[in-house]
1. So, in region 395-484, how many Lys pairs have Cα atoms under 23 Å apart, if the pair is 8 or more places apart or on different chains?
2. Treat each spin label as a single point 7 Å out from the Cα along the C-beta direction, and report the N414 to A294 distance in nm.
3. Order by neighbour count: F173, F163, F457, F293, fewest other Cβ atoms within 10 Å first, most last.
4. If amide hydrogens are placed 1.01 Å from N in the peptide plane, which non-local residues have theirs closer than 5 Å to the one on V336?
5. State, to one decimal in nm, how far the label point of K433 lies from the label point of K195, with both points 7 Å from Cα in the Cβ direction.
6. Along the Cα→Cβ direction, 7 angstrom out, place labels at L461 and A88. What is the inter-label distance in nm?
7. Could you state the number of Å between the C-alpha centres of region 228-254 and region 353-420?
8. Hey, which of these cross-link pairs are over 29 Å Cα-Cα: K127/K233; K170/K195; K170/K291?
Amino acid sequence: MHPRRRVAGAQLLVALVACVGALGCSRKLWSKLRRVDAGAVAVVPADGAAVPDGGDYAVARVVGEGGAAGEAGAAAASASPSHAVLPAGPPPNLNVILVTVDSLRWDMPWAGYPRPIAPALTALEAKSVDYTHSYAISSYTSMSLGGLLAGKLPGELPRDGFFFGTYHKKNLFFPELLQKAGVHTIGAHAHAYFKDAGFQQGFDKWELVPNLQFDNTTDKNITAPQHEALAEKLLGDPALEADDARFFAWFHFLDPHDQYMSHEPEIASWGRLRRDQYDGEITFTDKYLAKLFAFIASRPYAERTAILVSADHGEGLGEHNHYAHGFELWEMLVRVPLLVYIPGVVPRHVDTPRSALDLAPTICELLGVAPDPGFEGVSLVPEIYGKPAEPRDVLLDLPTTSDSERRRAILHENLKLIAFGNDKYFHLYDLGKDPDELEKIVKGAEYDEMKARYLAFEKTLKDVDPYACLPNVCLNGAYKKALDAGKK
């Protein structure tokens with residue numbers, strides 16, 4: 001922590017000790033205390049609700065990446081024994097709602113983007129555990145979401161091999177575990193691909209926005225209003241309000257997917273450039289996420305419901321001359337937000353890189369269900385509740401399909417190695433010095449070490465060949481032409 005911030009934190013602790021008793025904390029003091037550095041002390045409402053002027057507060061130590069809270073924080077926490085310490089884990093009656101937003105880049109307003117394009121998500125981030133370096137599993141929907149549901153890299157899953165792939169029923173998806181454990185499972189989505197992709201395994205209710213038009217090259221549907229209304233219908237089921245009811249719900253919002261549609265006059269235009277149009281889609285979607293979050297907050301189960309927000313992939317807006325998504329594993333395609341809001345959990349930033357592979361075991365643990373031993377990720381629950389976030393490698397996988405050549409990557413600390421084709425060649429990037437991946441490294445000690453790390457990881461994989469579209473057999477015509485010309 002910067003010395004000035006440490007002094008400021010000490011001053012705030014004096015104020016904290018004065019207010020954790022019967023006097024309560026004012027909104028102004030709360031706003032200073034609610035986002036603090038590791039090693040300081042934060043207060044949260046004892047019931048996890050919105051902060052009033054005064055009232056009971058639980059005292060909680062904020063544990064950062066590098067270790068436990070300081071002695072001053074421990075002293076302050078013990079200074080008010082009548083107030084509860086932040087729980088060590090999720091309550092036994094927690095529900096989980098997962099919201100994924102198609103094509104949501106990581107560089108949102110809470111990460112420094114100057115336009116206020118997502119006020120609802122920004123407000124959610126302010127009260128969440130924010131994983132600032134979170135990665136999707138792949139760079140387009142089919143591969144990313146199949147891997148998320150299975151807790152494995154998509155190249156290890158039985159699938160048909162087409163670009164809009166279908167996953168075989170023999171795959172085990174984590175909602176099946178929840179369903180078997182008696183957790184009610186709900187899914188509602190806004191693209192016709194979700195009808196038969198195989199993602200519906202393990203869901204008690206699985207609905208699509210009506211009257212969708214399918215186009216395998218883009219998405220011209222505008223769906224957020226209908227999708228939000230459908231989510232409200234499903235979440236408004238009175239059966240979910242019983243004290244012993246448990247549920248998991250997943251909603252994948254589609255509108256930021258290209259083609260970028262105008263939403264004027266409902267949403268004012270940010271301009272006519274590609275980034276402007278993309279920003280308009282984010283603002284439009286955010287408006288309906290605000291409605292959804294407000295609806296959730298109005299339900300009797302709100303104070304025992306976690307909300308997780310992430311994305312299936314990012315979006316290219318011209319970087320590397322790449323537009324939309326898929327086909328490559330550049331940062332703007334795979335780095336995505338991950339916000340975890342749980343009532344009563346202290347908001348903080350976790351800067352240690354994490355993967356969407358971690359979501360299957362995380363959601364299982366939040367719901368008190370044992371994860372499958374075959375899941376390749378690691379539950380984030382301990383660090384959500386304050387444990388240090390230990391470094392580990394992040395793996396990215398883009399298997400060969402009817403329309404694309406294989407890409408794989410491994411991230412270790414600030415280094416990222418991309419393997420092109422079936423490991424035909426490798427490029428190393430130092431993301432600390434070169435976050436835009438403009439200066440490839442193809443030799444040297446770091447390159448050799450990262451290549452060895454990647455090849456060792458690859459030996460542990462159990463790749464599965466597609467059961468329908470075999471590599472180099474059922475290629476899309478344009479892709480085959482590019483291959484034959486040596487452009488792929």
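Here, each number is a calculation from the coordinates, and none is a lab measurement. Fair warning: this is a prediction, and the values are worked out from it, not measured in the lab. Glycine gets a Cβ as well: all are built from the backbone with ideal geometry, and neighbour counts include every protein chain shown.
1. Lysine pair count for region 395-484: 21.
2. The modelled label-to-label distance comes out at 4.4 nm.
3. Result, fewest neighbours first: F457, F163, F293, F173.
4. Long-range HN contacts for V336: S134, Y135, A136.
5. Reported label-point gap for K433 and K195 is 5.2 nm.
6. Result for the modelled spin labels: 3.9 nm.
7. Distance between centres, Cα-based: 27 Å.
8. K170/K291
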